Amino acid sequence: LDLETEPEKWRVVQATLDSHKPFRDFIYCTTGGNGSPMYVRASGKPLFDANGEFRGYRGTGTDVTAITCAQEALRESERSARSALDGIAGLVSVLAPNGELETANRQLLEYFGRSLEWLKNWGTNDAVHPEDLPRILALVKRGIGSGIPFNFELRLRRFDGEYRWFDNRGVPIRDDSGRIARWYSLLTDIEDRTRALAELEQMQS
């Protein structure tokens, strides 16, 4: 059923067959006995006679419909989660239980103008203002270690080099056993508010 929708996949396997080479774990979609789509994982080994003449293939085919559908459902769930993450009006990151950055929404990547891999090293690059970094490293370490939601303010470097003040709120998400499965961090730009407060304090002074 996927001959026309995935022609490149079939072109590669056809070239393999034409050259009489072995193939492994080729997954294709066909029609099951009840008429519904069925996914099959096939592997084959070429056979040759005593004279070296090609005689055909010996192989196996395994019904992998259940696992293929489960994987597609997982991918759809991930796409939905990504869409929801990108729809949040703020800079959102998802951290592993140990505090390591796993992913971030589009707004956060656009703010820094850097890759996710670069952001994973936020503790050693210039993402956080140098004056704030020691304090922030200590606060994050304490929060991750205690498993208690944390909240603090810090300055983050925008893609154009300007540091702006942000409010950072970290919340742990726990699994059914009570263990922390991941952390969600929401960064909200408070630069304008911070400047206004500073001006107010100056006027009062």
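The values are calculated or read from the model by the stated rules, or taken from the named source; none is laboratory data. Keep in mind that what you see is a predicted model, and the values were worked out from it rather than measured. Every residue, glycine as well, gets a Cβ built from its backbone with ideal geometry; the counts of neighbours run over all protein chains shown. For the accessible areas, the whole protein counts, side chains as well, though only heavy atoms, and no ligand, DNA or RNA atoms are used. Shrake-Rupley method; radii C 1.70, N 1.55, O 1.52, S 1.80 Å.
Hey, can you tell me all the residues within the stretch 105-140 that are out of contact with any Leu (no Cβ under 6 Å at 6 or more places or on another chain) and within 19 Å of ILE173 (Cβ to Cβ)? Result: VAL140, single match. Does at least one position in the stretch 117-134 carry a residue that is of a type outside the set (Asp, Glu) and in a strand (DSSP E or B)? Yes: the stretch 117-134 contains one or more residues that are of a type outside the set (Asp, Glu) and in a strand (DSSP E or B).
Against the conditions (1) more than 14 Å from THR188 (Cα to Cα); (2) open to solvent by 60 Å² or more (accessible area, probe 1.4 Å); (3) outside any loop (DSSP other than H, G, I, E, B), ARG169 satisfies every one except (1). Among the residues of the stretch 13-33, those that are open to solvent by 50 Å² or more (accessible area, probe 1.4 Å) and either under 14 Å from LEU1 (Cβ atoms) or touching a Gly at 6+ places or on another chain (Cβ under 7 Å) (or both) comprise PRO22, ILE27, TYR28, THR31.
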